[in-house]
Amino acid sequence: MQIRTTKNSTHIFSILLPVLFVTLLFTGCSTIEGVLNLTRPNASIERVELSGLSFDRVDLVFYVEVHNPNSIGLKLAGLEYNLAMEKNSVVRGNVEKGIELPARGSSLLEVPVSVGYSNIFNTVQSAREKDNLDYQIDLGLSFTVPGYSSLKVPLTYAGTIPVPKLPSLSMASLQVRNISLTRIDVELRLEVNNPNSFKIDMNEFNYDLTIAGHSWVRGNTVRPLSFREKSRSVVTIPLSLNIVEVGRSVIDLLSGNRTLDYQFSGDTVMDTELPLLQDYLFSFSSEGETEIFR
């Protein structure tokens with residue numbers, strides 16, 4: 001039996017062939033898998049590491065294990081991620097890996113993700129009131145198939161992160177203990193609010209006190225200051241003012257019970273019970289009105 005072709009049928013076939021090729025190329029992953037007899041690579045989160053933590057940001061590393069069950073090698077061309085807190089996206093990114101995944105081979109990928117707490121607080125209003133925050137990360141792994149378009153594998157993982165918050169400081173009052181010809185002894189009562197679920201230690205507590213626009217004293221505490229979790233504490237700091245240095249007008253300010261404007265600033269090195277949250281330099285500044293008692 002002979003098969004005869006005409007000029008017109010040959011012309012039609014020449015038109016359909018590129019269309020058929022383009023259709024196979026762009027009709028999706030399922031078509032590619034069917035043509036090449038491919039099985040989608042397997043991807044899973046092996047573990048998540050909290051690699052960095054401060055009062056400013058949190059650093060996570062996601063370890064993604066990828067297995068290629070096919071008889072041909074694949075190339076991981078890239079990886080996209082979207083990290084969401086309480087279902088609100090806070091950071092998106094991509095990692096250009098370019099890793100060759102051998103036939104029936106596996107590889108462990110490191111995906112570092114960092115996000116600032118200011119970004120989280122601006123996006124998730126309720127985050128400031130929580131000790132821990134739920135997150136979800138959605139990843140998309142793109143594999144290059146020789147001669148075809150990319151093959152994408154989705155992956156989702158959920159977990160929690162701690163939410164450390166800076167303490168707040170304010171002056172509660174000043175108590176005059178003694179006035180002599182050269183010195184004035186007072187006690188500064190400092191109120192410290194620790195909103196965290198862990199204890200905070202303040203070392204090398206340096207301060208600068210200004211009352212009614214006059215610089216009174218600069219100094220530091222000898223002993224460390226400790227504040228329990230979820231506590232509001234009052235710390236007493238003894239001060240000794242040199243009348244020659246601060247001026248005799250200070251005596252008039254301290255002559256009776258009254259309320260005066262103050263500015264209280266300084267810095268301290270903070271340690272916590274969290275291993276990653278140590279030696280944090282905390283600069284503070286507080287102003288307002290304080291009561292002075294004789």
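The values are calculated or read from the model by the stated rules, or taken from the named source; none is laboratory data. None of the values given here were measured: they were computed from a predicted structure. Reconstructed Cβ throughout: ideal geometry from the backbone, glycine too, with neighbour counts over all protein chains shown. Ligands, DNA and RNA are excluded from the accessible area calculation, which covers all protein heavy atoms including side chains. Shrake-Rupley method; radii C 1.70, N 1.55, O 1.52, S 1.80 Å.
If you scan segment 125-160, which residues turn out to be within 15 Å of residue 89 (Cα to Cα) and of a type in the set (A, V, I, L, M)?
127, 133, 137, 139, 158
Which count do you get for residues in segment 221-260 that are modelled with pLDDT of 90 or more and either assigned to a helix (DSSP H, G or I) or under 24 Å from residue 288 (Cβ atoms) (or both)?
11
I'd like to check which strands (runs of 3 or more DSSP E) are fully inside segment 47-112 and have at least 1 residues that are more than 16 Å from the chain's Cα centre (by Cα), touching a residue at least 40 places away in the same chain (Cβ under 8 Å) and farther than 28 Å from residue 276 by Cα.
In segment 47-112, the matching strands (runs of 3 or more DSSP E) lie at 57-67, 74-85, 99-101.
Taking residue 136 and the conditions (1) in a strand (DSSP E or B); (2) at pLDDT 90 or above; (3) open to solvent by less than 30 Å² (accessible area, probe 1.4 Å), which numbered condition does it fall short on, given that it satisfies the others?
Here residue 136 clears every test but (3).
Can we say residue 155 is hydrophobic (A, V, I, L, M, F, W, C), surrounded by 14 or more Cβ atoms within 10 Å (Cβ to Cβ) and modelled with pLDDT under 95?
no
Could you please find all residues in segment 166-202 being in a loop (DSSP other than H, G, I, E, B) and surrounded by fewer than 19 Cβ atoms within 10 Å (Cβ to Cβ)?
Once the filter is applied, which keeps residues that are in a loop (DSSP other than H, G, I, E, B) and surrounded by fewer than 19 Cβ atoms within 10 Å (Cβ to Cβ), segment 166-202 yields 166, 180, 181, 182, 195, 197, 198, 199.
Within segment 53-74, which residues are in contact with a Ser or Thr (Cβ under 8 Å, 6 or more places away or on another chain) and either within 22 Å of residue 91 (Cβ to Cβ) or open to solvent by less than 20 Å² (accessible area, probe 1.4 Å) (or both)?
Passing the criteria: 56, 57, 58, 59, 60, 61, 64, 66, 68, 70, 74.
Within the group 165, 152, 199, which residue is within 30 Å of residue 75 (Cα to Cα) and out of contact with any Leu (no Cβ under 6 Å at 6 or more places or on another chain)?
Of the residues listed, the single one that is within 30 Å of residue 75 (Cα to Cα) and out of contact with any Leu (no Cβ under 6 Å at 6 or more places or on another chain) is 152.
Quickly run through segment 149-165 and pick out the residues that are out of contact with any strand residue (DSSP E or B) (no Cβ under 7 Å at 6 or more places or on another chain) and either charged (D, E, K, R) or assigned to a strand (DSSP E or B) (or both).
Matches in segment 149-165: 165 only.
Mind listing whichever residues of segment 203-216 are surrounded by 19 or more Cβ atoms within 10 Å (Cβ to Cβ) and in contact with a helix residue (DSSP H, G or I) (Cβ under 8 Å, 6 or more places away or on another chain)?
Within segment 203-216, 211, 216 qualify.
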